[in-house]
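Below is one structure, written out as structure tokens, with a few remarks after it.
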Amino acid sequence: MALSRPRLTVRPFRADWWRVRWWRWAIRVVLAGVTAVVVLAAVTFVQVWWVGREDHHPRSDALVVLGASQYDGRPSAVFAARLDHALALYRQGVAPDVITIGGKQPGDRYTEAEAGAAYLRRRGIPADHVIVVPEGSDTLGSLTAVAGVMNSRHWRSTVLVTDPWHSLRSRTMARDLGLRASTSPVTTGPAVHGVDTKVHYILREGIGYRWYQLFHRASPPEATTRAV
């Protein structure tokens, strides 16, 4: 009787992944994406908050006051807080000149830059040490104009005076424009009072900062609110 040869049984390759249905993988991918977005958002908001706590005002060529709302030549409370802080830095000798920036809204008689300059002159800064740059309807536009003025005067260093939560975005823009920019945020005024107000501005500026990083453009008007 002939002996039968043992049969070689080939078993298919097994792995755990094929047992998981495709939709489970889809859910995992979506969850991973959501987690990444949440982590990135958290990091961004912490950055905005952290830079807003820093106050660096080395000796510089000029102070630059970021504009805010004004009412027929009278700076709003937010704007006045920025101007008062710039005035204090000027008196400390941080810079010999102050630049006020900002255009105007439809129907306004004065630009933000003009209102800010008049405010500082009334408080003792000589007129020839206040430079008006009445351009820009947003931070990027105004800082672009400032960079042009500073380059024409061979100035490179500046201290930006604005609200704490606006410091990161404005500093990033200024440095991208070739300026050696530091920030000295205000510590008084409506923008720094109340937890709700702080959270509102941190969220807004976090979104604006990432938008700028992605597109190198100012935030769209519908995504921002005017400082009052």
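The values are calculated or read from the model by the stated rules, or taken from the named source; none is laboratory data. As the structure is a computational prediction, the values presented were derived from the model and not from experiment. All Cβ positions, even for glycine, are placed from backbone atoms using ideal geometry, and neighbour counts span all protein chains on display. Keep in mind that these areas ignore ligands, DNA and RNA; they rest on the heavy atoms of the full protein, side chains included. Shrake-Rupley method; radii C 1.70, N 1.55, O 1.52, S 1.80 Å.
Going toward the positive end of the dipole of the range 125-174, with +1 on Lys and Arg Cβ and -1 on Asp and Glu Cβ, which of Ala174, Leu143, Ala127 do you reach last?
Selected residue: Ala174.
Kindly report the accessible area of the chain per residue (heavy atoms of protein chains, probe 1.4 Å, no ligands, DNA or RNA), in Å².
59 Å²
What are the residues whose amide H is under 5 Å from the amide H of Arg180, where those residues sit 5 or more places off or on another chain and H is modelled from the backbone?
Those qualifying (amide H under 5 Å, at least 5 residues apart or on another chain) are Ser157, Thr158.
With θ set to phi - 60° and the Karplus curve 6.51 cos²θ - 1.76 cosθ + 1.60, what are the ³J(HN,Hα) couplings of the range 116-131 in order, to the nearest whole Hz, using x for Gly and Pro?
x, 5, 4, 4, 6, 5, 5, 9, x, 7, x, 4, 6, 10, 10, 10
Please work out the FRET efficiency for the pair Asp196 and Arg153, using the Cβ-Cβ distance as r and a Förster radius of 30 Å; give the result to the nearest 0.05.
0.15
Could you size up the charge dipole of the range 47-142 around its Cα centre, putting +1 on the beta carbon of Lys and Arg and -1 on that of Asp and Glu, and report it in debye to the nearest 20?
The calculation lands at about 320 debye.
From the alpha carbon gyration tensor of the range 36-97, can you work out the equivalent ellipsoid semi-axes (sqrt of 5 times each eigenvalue) and give them in Å, largest to smallest?
29, 19, 8
Quick one: grab the alpha carbon gyration tensor of the range 69-110, order the square roots of its eigenvalues as a ≥ b ≥ c, and give me rounded if a/c is under 1.5, else prolate or oblate depending on whether a/b is larger than b/c.
Prolate is the answer for the range 69-110, as a/c is 1.5 or above and a/b outweighs b/c.
Roughly how big is the chain's charge dipole about its Cα centre, with Cβ charges of +1 (Lys, Arg) and -1 (Asp, Glu), in debye to the nearest 20?
The calculation lands at about 1660 debye.
Using only C-alpha atoms and all pairs of different ones, pull out the Kirkwood radius for the chain in Å with one decimal.
It works out to 19.9 Å.
Bin all alpha-carbon pair distances of the range 65-188 at 5 Å intervals from 0 and give each bin's fraction as a whole percent.
2, 12, 23, 27, 22, 10, 2, 0
Report the semi-axes of the equivalent ellipsoid for the range 116-194 in whole Å, largest first, where each axis is √(5λ) for an eigenvalue λ of the Cα gyration tensor.
Over the Cα atoms of the range 116-194, the ellipsoid semi-axes are 20, 19, 11 Å.
Using only Cα atoms, find the angle between the long axis of helix 77-91 and the longest principal axis of the chain, and express it within 0 to 90 degrees, rounded to the nearest 10.
Around 70 degrees separate the two axes.
Out of Pro134, Pro58, Pro106, any idea which swings most in a Gaussian network model of the chain, alpha carbons joined below 10 Å?
Sorting by GNM fluctuation, first place goes to Pro106.
Please list the non-local residues whose amide H lies under 5 Å from the amide H of Gly67, H modeled 1.01 Å from N, same-chain partners needing a gap of 5 or more.
Those qualifying (amide H under 5 Å, at least 5 residues apart or on another chain) are Ile101.
At 7 Å along Cα-to-Cβ for each site, give me the label-to-label distance between Thr187 and Asp108 in nm.
Simple spin-label model gives 2.9 nm for this pair.
Express in Å², to the nearest 10, the accessible area of Asp108 obtained by rolling a 1.4 Å probe over the protein heavy atoms while all chains stay in place.
Near enough 50 Å² of accessible area.
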